[in-house]
């Protein structure tokens, strides 16, 4: 048998084991993240209705832009809160997905009314939000915690 050697060029030090959170601490960590994200989900319905009305010609461009600015404020505030929320272990992955999604959502809202720039950013933000929620649900399933409400993150 022949074994290769990288001569120490790619050698990494092993990571120390992460402290394992109790079920209560893990639940609190998740609940804090969801609580800080929830205003984005709550405000999204009103924004999406305004966007639909604009596309159908029932809402003027200045009205849409005003609603987009208002929603962008909610998104930016949630991103700032989540950015400082502590996250450990695998929960960090969900947090990073949500932060990336919220950044894309803010950029999408800022790009209106340019739909060519808006659509890929908006789609990416939705995908990141769903992926982050899936990560948290998987963690909670393994820990046998109550699932998070699906509509808390959108």
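The values are calculated or read from the model by the stated rules, or taken from the named source; none is laboratory data. These numbers come from a predicted model, not from an experiment. Counting neighbours? That spans all protein chains shown, and the Cβs are built from the backbone with ideal geometry, glycine included.
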- Name, by its number, the condition in (1) at pLDDT 95 or above; (2) in a loop (DSSP other than H, G, I, E, B) that does not hold for residue 11. (1)
- Query: In segment 115-137, which residues are touching a residue at least 40 places away in the same chain (Cβ under 8 Å) and surrounded by fewer than 21 Cβ atoms within 10 Å (Cβ to Cβ)?
  - Reply: 135
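Kindly establish whether residue 146 is under 25 Å from residue 27 (Cα atoms), crowded, with 17+ Cβ neighbours inside 10 Å and at pLDDT below 95.
So residue 146 fails the test.
Considering 49, 33, which residue is out of contact with any strand residue (DSSP E or B) (no Cβ under 7 Å at 6 or more places or on another chain) and either over 30 Å from residue 136 (Cα atoms) or surrounded by 14 or more Cβ atoms within 10 Å (Cβ to Cβ) (or both)? Outline the logic, then answer.
Details: 49 fails: either over 30 Å from residue 136 (Cα atoms) or surrounded by 14 or more Cβ atoms within 10 Å (Cβ to Cβ) (or both).
Of the residues listed, the single one that is out of contact with any strand residue (DSSP E or B) (no Cβ under 7 Å at 6 or more places or on another chain) and either over 30 Å from residue 136 (Cα atoms) or surrounded by 14 or more Cβ atoms within 10 Å (Cβ to Cβ) (or both) is 33.
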- For segment 110-145, name all the residues that are out of contact with any helix residue (DSSP H, G or I) (no Cβ under 7 Å at 6 or more places or on another chain) and not in a helix (DSSP H, G or I). 114, 144
- Residue by residue through segment 90-114, note down the ones that are touching a residue at least 60 places away in the same chain (Cβ under 8 Å) and more than 30 Å from residue 54 (Cβ to Cβ). 91, 94, 95
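State whether one or more residues within segment 61-80 are outside any helix (DSSP H, G or I), at pLDDT 95 or above and loosely packed, with under 12 Cβ neighbours inside 10 Å.
First, pick out the residues of segment 61-80 that are outside any helix (DSSP H, G or I): none.
Taking every residue of segment 61-80 in turn, none turns out to be outside any helix (DSSP H, G or I), at pLDDT 95 or above and loosely packed, with under 12 Cβ neighbours inside 10 Å.
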- Message: If I ask for residues that are over 19 Å from residue 134 (Cβ atoms), surrounded by fewer than 17 Cβ atoms within 10 Å (Cβ to Cβ) and more than 12 Å from the chain's Cα centre (by Cα), which ones from segment 82-109 would you list?
- Response: 84, 86
